[in-house]
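*Asks:* Take a look at the following structure, please.
The values are calculated or read from the model by the stated rules, or taken from the named source; none is laboratory data. Everything quoted here is computed from the prediction, not taken from an experiment. Methodologically, a virtual Cβ is constructed for each residue, glycine included, from the backbone with ideal geometry; neighbour enumeration extends over all protein chains shown.
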Amino acid sequence: MIIARNVSELHKALETRNANVGFVPTMGALHIGHRTLIDAARRENDTVVVSIFVNPTQFLPGEDLSKYPRREEADFKICELSGVDVLFYPDVAGMYGEDEVRICAPDVRGYILEGVSRPGHFDGVLTVVMKLLNQVRPTRAYFGKKDAQQLALITQMVNNFFMHIEIVSMETVRESDGLALSSRNVYLSAIERQEALKISASLKQATKQVMQGNLSSESIRQEMLTILLPLDVEYVAIVNRAFELIPEVILGDTIILVAARVGTTRLIDNVWM
Ligand code: AMP
């Protein structure tokens, strides 16, 4: 595995590889969720590039940028053992300059749900993903459905800017008790971790209700909110794939999303149906 710490090292590493490139952008503190993206990239491409970059521009003032988990050594090992060809590990100075052009998230889809409590977050996400995609120039890029709104906006950016990249979405990987894997789970105390299970439990119950034929978004939401008590819920939303709120679940075109704070840790999760 080659470790490229700047874009010229990256291009040098990729110079001789002109076949398909699969790319997995991450912020590190890698877990099995990241592993499934890397494994899919490994299966479907000749060359696999993983980036690890804790992108400062997607954190709002007061968010967890400075305490975001960093595990350089373990991450490098995981990448190596997963058969990654090139690990792109740039620093902030190599990614950003002064007074730069930025990508703006769309006015509606960028400012609902996650965008309500994190206004501007998706500008940072889209800008860094645009940079990374242009640096790596992959055939395919892999993203998790866990970050559903991010996935939708990246897909939209690639379409809106006519970029020749296939965006591949991957299912959410969970612990055996249902908790969606997240680098932020390390912030949870044992008691908080137990409380956090209410998030996946609420989504499980929503799925059950839909299976039983209850498609009413409002009644599903209410039941979920009851299960989520006493968590500090930011939103429970039922949207279609275009991220428009819908009054009834449409099988094959619905995502049910939750954002809640457990202690000081903000967690998100969702289910696609
Ligand atoms: P992050 O390092 O949190 O920026 O995540 C990097 C990529 O991994 C994103 O595309 C995430 O959606 C994806 N990801 C994070 N957690 C999971 C998970 N539990 N299952 C599947 N993919 C995930």
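*Asks:* Can you find a residue that is modelled with pLDDT of 95 or more, charged (D, E, K, R) and closer than 29 Å to residue 10 by Cα anywhere in the range 117-124?
*Replies:* Yes, the conditions are met somewhere in the range 117-124.
*Asks:* Does the range 78-91 hold any residues that are over 20 Å from the mean Cα position of the chain (by Cα) and either buried (at least 20 other Cβ atoms within 10 Å of the Cβ) or not aliphatic (A, V, I, L, M) (or both), and which are they?
*Replies:* 80, 83, 85, 86, 91 - these are the residues of the range 78-91 that are over 20 Å from the mean Cα position of the chain (by Cα) and either buried (at least 20 other Cβ atoms within 10 Å of the Cβ) or not aliphatic (A, V, I, L, M) (or both).
*Asks:* Next question, about the same structure. Kindly indicate whether any position in the range 64-77 is surrounded by fewer than 19 Cβ atoms within 10 Å (Cβ to Cβ) and closer than 28 Å to residue 159 by Cα.
*Replies:* Scanning the range 64-77 turns up no residue that is surrounded by fewer than 19 Cβ atoms within 10 Å (Cβ to Cβ) and closer than 28 Å to residue 159 by Cα.
*Asks:* Checking residue 169 against (1) surrounded by 15 or more Cβ atoms within 10 Å (Cβ to Cβ); (2) within 14 Å of the ligand (Cβ to nearest atom); (3) more than 21 Å from residue 250 (Cα to Cα), which single condition isn't satisfied?
*Replies:* Residue 169 satisfies every listed condition except (3).
*Asks:* When the residues of the range 140-153 are narrowed to those that are within 9 Å of the ligand (Cβ to nearest atom) and under 18 Å from residue 240 (Cβ atoms), which ends up surrounded by the most Cβ atoms within 10 Å (Cβ to Cβ)?
*Replies:* Applying the filter and picking the extreme gives 148.
*Asks:* While we're on this one: Being in contact with a Lys or Arg (Cβ under 6 Å, 6 or more places away or on another chain) and outside any loop (DSSP other than H, G, I, E, B) is true for just one of 158, 168. Which residue is that?
*Replies:* Just a single option satisfies the conditions, and that option is 168.
*Asks:* Out of the residues in the range 218-240 that are touching a Lys or Arg at 6+ places or on another chain (Cβ under 7 Å) and part of a helix (DSSP H, G or I), which is surrounded by the fewest Cβ atoms within 10 Å (Cβ to Cβ)?
*Replies:* Top of the filtered list is 227.
*Asks:* Please determine whether any residue of the range 205-222 is in contact with an Asp or Glu (Cβ under 6 Å, 6 or more places away or on another chain), more than 14 Å from residue 148 (Cβ to Cβ) and charged (D, E, K, R).
*Replies:* no
*Asks:* Tell me which helices (runs of 4 or more DSSP H) are completely within the range 29-97 and hold 3 or more residues being within 25 Å of residue 19 (Cα to Cα), or say none if there are none.
*Replies:* So the answer is 32-44, 72-81.
*Asks:* Which number in (1) in contact (Cβ under 8 Å) with a residue 40 or more places away in the chain; (2) over 18 Å from residue 71 (Cα atoms); (3) of a type in the set (D, E, K, R) marks the one condition that residue 12 misses?
*Replies:* Answer for residue 12: the failing condition is (1).
*Asks:* In the list 199, 268, which residue meets the criterion of being surrounded by 15 or more Cβ atoms within 10 Å (Cβ to Cβ), of a type outside the set (D, E, K, R), within 13 Å of the ligand (Cβ to nearest atom) and in a strand (DSSP E or B)?
*Replies:* 268
*Asks:* Quick check on residue 254: is it among the polar types (S, T, N, Q) and surrounded by fewer than 17 Cβ atoms within 10 Å (Cβ to Cβ)?
*Replies:* no
*Asks:* Residues in the range 129-139: is at least one of a type in the set (D, E, K, R), more than 10 Å from the ligand (Cβ to nearest atom) and assigned to a helix (DSSP H, G or I)?
*Replies:* The answer is yes; a qualifying residue exists.
*Asks:* Return the pairs, sorted by first residue and then second, in which the second residue is within 8 Å of the ligand (Cβ to nearest atom) and aromatic (Phe, Trp, Tyr), the first residue lies in the range 23-48 and is under 25 Å from residue 91 (Cα atoms), the beta carbons are less than 8 Å apart, and the residues are 6+ apart or on different chains.
*Replies:* These pairs meet every condition: 23/142; 24/142; 25/143; 37/142; 37/143; 38/142; 41/142.
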